[in-house]
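The values are calculated or read from the model by the stated rules, or taken from the named source; none is laboratory data. What you see is a predicted model, and the numbers here were worked out from it, not measured in a lab. Every residue, glycine as well, gets a Cβ built from its backbone with ideal geometry; the counts of neighbours run over all protein chains shown. Quick note on the areas: whole protein, heavy atoms, side chains included, nothing else; ligands and nucleic acids left out. Shrake-Rupley method; radii C 1.70, N 1.55, O 1.52, S 1.80 Å.
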Amino acid sequence: MGCNSSTPQQPVAPPSRGGDGASNGGPAKPRSTAIKDATAKGSRNIDQGLRMAKIEEESKIKLLFLGAGESGKSTIFKQMHLLYGPSRPEDELRMFGVVARSNMVVAIRKLCTVLRNMGLESELDKESQENGGEGMTCRQAYDELMKYLVDKTATDSEPHVPPDDWVGLIPRAGLTANADAKQFLAHHKCIKIVWESKTMKRVWDRRASLNVVDGHKEFLDDITRIASPEFRPTKRDVLIARVRTTQVIVEKYRIKGMRYEMYDVGGQRSDRRKWIACFDDVTAVIFVAALSEYDQTLAEADANRMVEALDLFSSVVNAQSFTNSSFLLFLNKKDVFAEKIMYSDIAAVEHFSDYSGPTKDFDKGVSYFIKKFKARLINNELNDTFIHVTCATDTQQMNFVLDSTTSIIRSDNLKRSGFLMAD
């Protein structure tokens, strides 16, 4: 044949319009069968998703922070957020700015009241005469604070907040905190003068009887920065700012591949009835007590704070609700404790007159209180690895402590679940 020759073409089958099987050359599935298959596949996916969600829920670590009011547990809770959570939004930082300013007004009210009760106003007069010079004296500044902040015999025409002030006023901080923050801006120069006086230093040494937060000394030492319109709270400011916890606060983190659900609750007596709502399926409890409060009384009652912490610890650690929960004890405010024992003898406090260790001895004092807490155990044991002596505002130390704590909780949780052999 020549180049124009050709072979007859074979007929081509028309494309199939059938079901799934047609593309493979097989018979098409009925449409109803395909729908059933798709439905079954969707159901299997849902079941698998539910199983995975159940496994993740059961493997979740529920961590509960408990302790008496002002023990520092909320500060430790904030450290958790700082170490494992997202950056705080600007509105939240502004709220802490309002709180920091309010905290200083609350502190200076108490301090000025005690200064008067101690009969030290004449000392302010002497100090004012000795210093002389120009500008407002410490006595004049004190008189202004007493009129506007303590006795309130004088009132400001609506205290002014500069329009360029970054913090401003934030409704979520509450009416009282916003009002105090405005008073701070109106009288911060007087607060600074009185705070820096020699007479006020004597009053500060009596702060144990005032329920003044020790950490607020840092705010009072830095009044000019905090009064500035450019003031933006630092991470340190957020940690020190005191916001009373009255509701149950829940935060969720993923730490080293594990889900943590953490609960912070109010420690005052009036808030403890809310605790019961958090008691179900708790993996671990961190009980926080302040070492430094051995010579202080409760803000809401005439009772020793350390005795209150011991009684509360006893009721919690021996509770039936926590039979299957890990238990950790944080003895907090070790920095304040170390400072306080230099002038406040543990044995001089009626409730702790059995202390036989040397005065001003940090280690002996800590050991004494650890024994006090261990003596409250009935059936549980508290291994020393489950006890930490802490300073909640020290981020570096708390990073180490919390990393160790999460590891202990995971390990103990596996032991209780039977996945890891007990030692």
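Some points to look at:
- The requirement of being more than 17 Å from MET306 (Cβ to Cβ) and either among the small types (Gly, Ala, Ser) or modelled with pLDDT of 95 or more (or both) is fulfilled somewhere in segment 363-382, by at least one residue.
- Per the conditions (1) part of a strand (DSSP E or B); (2) out of contact with any Leu (no Cβ under 6 Å at 6 or more places or on another chain), the sole criterion not satisfied by SER314 is (1).
- Which listed residue is modelled with pLDDT under 95, crowded, with 20+ Cβ neighbours inside 10 Å and not in a strand (DSSP E or B), from VAL243, VAL203, VAL194: VAL203
- Residue in segment 141-152 that is open to solvent by 50 Å² or more (accessible area, probe 1.4 Å), in a helix (DSSP H, G or I) and touching a residue at least 40 places away in the same chain (Cβ under 8 Å) present: no
- For segment 78-94, the count of residues that are of a type in the set (A, V, I, L, M), in contact (Cβ under 8 Å) with a residue 60 or more places away in the chain, under 18 Å from ARG232 (Cβ atoms) and buried (at least 22 other Cβ atoms within 10 Å of the Cβ) is zero.
- Scope segment 227-239; condition more than 15 Å from GLU196 (Cβ to Cβ) and either in a helix (DSSP H, G or I) or open to solvent by 80 Å² or more (accessible area, probe 1.4 Å) (or both); matching residues: GLU230, ARG232, LYS235, ARG236, ASP237, VAL238, LEU239
- Residue list for segment 134-160, restricted to those being in contact with an Asp or Glu (Cβ under 7 Å, 6 or more places away or on another chain) and within 20 Å of GLU123 (Cα to Cα): CYS138, ARG139
- Evaluating SER128 against the criteria (1) open to solvent by less than 20 Å² (accessible area, probe 1.4 Å); (2) modelled with pLDDT under 95; (3) closer than 22 Å to GLN247 by Cα leaves one unmet condition, (3).
- Of all residues in segment 153-173, those being open to solvent by less than 60 Å² (accessible area, probe 1.4 Å) and part of a helix (DSSP H, G or I) number 1.
- Matching entry among LEU402, LEU382, LEU377 (being closer than 17 Å to LYS333 by Cα, surrounded by 13 or more Cβ atoms within 10 Å (Cβ to Cβ) and touching a residue at least 40 places away in the same chain (Cβ under 8 Å)): LEU402
- Among (1) within 21 Å of the chain's Cα centre (by Cα); (2) open to solvent by 10 Å² or more (accessible area, probe 1.4 Å); (3) over 22 Å from ALA208 (Cα atoms) - the single one THR323 does not satisfy: (1)
- Count of segment 250-273 residues, restricted to those that are at pLDDT below 85, touching a Cys at 6+ places or on another chain (Cβ under 8 Å) and within 25 Å of SER411 (Cα to Cα), is 0.
- Flag if LYS110 is without any contact (Cβ under 8 Å) to a residue 40 or more places away in the chain, open to solvent by 10 Å² or more (accessible area, probe 1.4 Å) and of a type in the set (Lys, Arg): no
- Per-region count, segment 332-362, residues touching a helix residue (DSSP H, G or I) at 6+ places or on another chain (Cβ under 7 Å) and of a type in the set (Ser, Thr, Tyr): 3
- Test: LEU210 is hydrophobic (A, V, I, L, M, F, W, C), closer than 25 Å to GLU121 by Cβ and open to solvent by less than 80 Å² (accessible area, probe 1.4 Å): yes
- Every residue from segment 140-179 that is at pLDDT 90 or above, among the β-branched types (Val, Ile, Thr) and more than 18 Å from ARG109 (Cβ to Cβ): VAL167, ILE170
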